[in-house]
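Note sheet for the following structure.
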Amino acid sequence: MDRLFLKGLPVSSGVGIGEFYVFKSKKLEINQDTVDKRKIKNEHLRLNNGIKNTLMEFQDLKNNLGKKLVKQSDLIFEVYETILGDSFFIEEIKNLITEKRYYADNAVDICIKRYIKDIEESDNEYIKQRIFDLNDISMRILRNMSEDKTVAILENIYHKQIIAVRELTPSLAAALGRKKVSGIVAFEGAAYFSHSAIILRSLGIPVLNDINYDFVNKFDRQPVVIDGKDGFLIINPDKSDVDRYRTILKSNIKKQKELLSKKFKPALTRDGYRINISANISDIGECDEAREKNADGIGLVRTELLFAADGKIPDEREQTLMYSKIVKKMGNRPIVIRTADVGEEKTLGYSDVEINFPIQNSRSIKNSLVNKEQFLAQIRAILCCAEFGNVSISFPLINDIEEIREIKEVIKLAEDQIEAQGIPPFKRIKIGAFIETKQGMNNLDELLPELDFISLGTNDLLQHTLGKDRKQSRVKNDEYFNPEFLKAVQLCISKANQQNKSVSVCGEMAADPAAAVLLFGMGANDLSMSPSKILDVKGILGKLSLAETRQLAEASLECSGIKEVKRILAKKLGKFKV
Amino acid sequence: MIAKEMTIKNKSGLDSKPAVKFIQKASNYKSGIWIERDERKVNAKSLLGLLSLSIGNGEKIMLIADGEDESQAILELQSYLESGLEEII
């Protein structure tokens, strides 16, 4: 057997060794005959049931992904639910059945294909990504209407396999994720920011995109190796390949163990400088994990996700209890509670549960300011839990000084209301802001004096800074190494440091060990990340001296592009296997 | 009936997430609401309809409302399309 090397786009890292399994989506027979007039009613019924079952299926998938994935899957499923509840779409299909006398499956197929065709003709790359979602929905409705509802092909899949798919849809990604497969290679549908890639990254399954399905499908059941870091698929690897990758697998496991043994030591550079490593949390489970990993604090409590996990907006008392629980768990370590960031991306799901944020505007703190009662209640709840520990309050997407002034008035009002209830005055709470827009960044000079601290939300910031000529489908995981972006981040850090305000970096960037080194070298002493990344970041920082991180940061800022930055980092950090 | 021309100003255009929000807003009105572009007119309360127009950044559209609450509808939806979307660039 020939040994073959294929290069794909790495979108989820890790290594997998196993048997290749070519996933063939079941061809569904579509009945293209004409429906007997007397049976039209029956077809309408079949359509209704198909849609209802598909909705339930999505709900199930969402629930089965586990709490960790609630936030991501919510984004995806709200779009799905809206489409399945789109009465005009359903009316259209029904008309095709009644007027053209199509069978229900044929009507669904034709109707969705029309929409896809319109989208394909456009040049909007963002919306084109949605074609994968539409195909996913269409396939599921069709399957739910057919006699044969089994997902027989999935049943043969087990964890020691690396799966090849033509098109990775979010629901297939979720299903394969649950099977804990060793890796996935997709032809389409798994771009870095696709819903599928997001799901699989959080599950730690290596994934490559852009692997030609029509070429690799000849190799069903052959031994393969997937390298989700460098983007390789090796078909029929020889002994040296397997040995090499087995060593990497083993060393990954060993590294994890080693890190675990060091977890109770504070994060220090090799020469003893202290770094604060905090956790971003979305639920109480992550708070436990943060404690387990000995996080120095909680750099971000995403309250909107706390609520989402709860299925409704808790009232003030419930919120106070929720926050107090976290605060008490963390003892005296600092905790930053951010007020709810509700908007485009982080919409609360559970549309059938009564969830009533009357905010349907775009994401902005303005929403909170408009919707003052709810905002006030949340602030009161945060103020009330402050007596149990070291709590600060922060606000999402701050753009300008006016917003801070308004917020401060609301805080003052909340304080007065609490005092009016006869509760003795409490300690003044520190006030911070999330800088995650270009505007916020530009206004930093006047914002800083009004604040006690800032947090840089690098995910959103990245979108804003580099957003201009970027096609969503081509965005890679290393964009934050762009020297332009690094400069922007460094400017924020040094402005905060100059004014003696603490600055913390939250976001995927801080969780990437190599990027964390740069951030520390640029003067960020507080990094906040998903608790699962804490040990990795601590590990790498412990191997470098302060001077080394500074040199790396300086050198990176002078680079002309991402590649050069990565080359410098690889040269210095490569031996630590970052 | 009121028809108003406006320009979409955000990076990803009327992508699914802003579109979902738009529909939720539009659905609060009794009036029929449509978006027209290049002589294609879709029901603005339908996500698939909006997506199929694939409205991109900087494109001009016609927002149309017809019904008892048409003027409020135009007012709110216009302000969402013209200012609100900016935040998610």
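Any chance segment A:365-377 includes a residue that's modelled with pLDDT of 90 or more, β-branched (Val, Ile, Thr) and touching a helix residue (DSSP H, G or I) at 6+ places or on another chain (Cβ under 7 Å)? For segment A:365-377, residues modelled with pLDDT of 90 or more, β-branched (Val, Ile, Thr) and touching a helix residue (DSSP H, G or I) at 6+ places or on another chain (Cβ under 7 Å): absent.
Only helices (runs of 4 or more DSSP H) whose full extent lies in segment A:99-162 are considered here, and the ones with at least 3 residues that are closer than 25 Å to residue A:31 by Cα and either more than 26 Å from the chain's Cα centre (by Cα) or away from every other protein chain (no Cβ under 14 Å) (or both) are A:104-121, A:130-145, A:152-155.
Every condition in (1) surrounded by fewer than 23 Cβ atoms within 10 Å (Cβ to Cβ); (2) aliphatic (A, V, I, L, M); (3) in contact with a Leu (Cβ under 8 Å, 6 or more places away or on another chain); (4) over 19 Å from residue A:112 (Cα atoms) holds for residue B:42 except the one numbered (4). Within segment A:122-145, residues that are within 16 Å of residue A:175 (Cα to Cα) reach partners that are hydrophobic (A, V, I, L, M, F, W, C) and not in a helix (DSSP H, G or I) with beta carbons closer than 7 Å, at six or more positions or on different chains, in the pairs A:143/A:28.
When residue A:302 is tested against (1) closer than 23 Å to residue A:570 by Cβ; (2) out of contact with any helix residue (DSSP H, G or I) (no Cβ under 6 Å at 6 or more places or on another chain); (3) assigned by TED's automatic domain parsing to the domain that holds residue A:544, only condition (1) is not met.
One line per residue, one yes/no per condition, for (1) in contact with a Ser or Thr (Cβ under 6 Å, 6 or more places away or on another chain); (2) surrounded by 20 or more Cβ atoms within 10 Å (Cβ to Cβ); (3) modelled with pLDDT of 90 or more:
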| residue | (1), (2), (3) |
| --- | --- |
| A:454 | no, yes, yes |
| A:457 | no, yes, yes |
| A:460 | no, yes, no |
| A:466 | no, no, no |
| A:473 | no, no, no |
| A:487 | no, no, yes |
| A:492 | no, yes, yes |
| A:498 | no, no, yes |
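The set of residues in segment B:38-72 that are within 14 Å of chain A (Cβ to nearest Cβ) and farther than 18 Å from residue B:10 by Cβ comprises B:38, B:39, B:40, B:41, B:42, B:43, B:45, B:46, B:48, B:49, B:52.
In the set (1) touching a Lys or Arg at 6+ places or on another chain (Cβ under 7 Å); (2) at pLDDT 95 or above, the condition left unmet by residue A:531 is number (2).
Condition (residue is crowded, with 20+ Cβ neighbours inside 10 Å, at pLDDT 85 or above and touching a His at 6+ places or on another chain (Cβ under 9 Å)) applied to segment A:210-218: is it met by at least one residue? Taking every residue of segment A:210-218 in turn, none turns out to be crowded, with 20+ Cβ neighbours inside 10 Å, at pLDDT 85 or above and touching a His at 6+ places or on another chain (Cβ under 9 Å). Quick check on residue B:35: is it more than 11 Å from every other protein chain (Cβ to nearest Cβ), crowded, with 20+ Cβ neighbours inside 10 Å and not basic (Lys, Arg)? Answer is yes for this residue.
Hey, can you tell me all the residues within segment B:7-32 that are more than 7 Å from chain A (Cβ to nearest Cβ) and crowded, with 17+ Cβ neighbours inside 10 Å? Matches in segment B:7-32: B:8, B:10, B:14, B:19, B:22, B:26, B:29, B:31.
Every listed requirement among (1) without any contact (Cβ under 8 Å) to a residue 40 or more places away in the chain; (2) buried (at least 24 other Cβ atoms within 10 Å of the Cβ); (3) in a loop (DSSP other than H, G, I, E, B) is met by residue A:173 save one, (3).
Listed here are the residues, each with its yes/no results for (1) in contact with a Gly (Cβ under 9 Å, 6 or more places away or on another chain); (2) hydrophobic (A, V, I, L, M, F, W, C); (3) not in a helix (DSSP H, G or I).
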site	(1), (2), (3)
A:524	no, yes, yes
A:535	no, yes, no
A:543	no, no, yes
A:549	yes, no, no
A:554	yes, no, no
A:563	no, no, no
A:567	no, no, no
A:570	no, yes, no
A:574	no, no, no
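A residue that is under 18 Å from residue A:61 (Cα atoms) and part of a helix (DSSP H, G or I) occurs nowhere in segment A:222-241.
The values are calculated or read from the model by the stated rules, or taken from the named source; none is laboratory data. Just so it is clear, the model here is predicted, and its values are computed rather than measured. Counting neighbours? That spans all protein chains shown, and the Cβs are built from the backbone with ideal geometry, glycine included.
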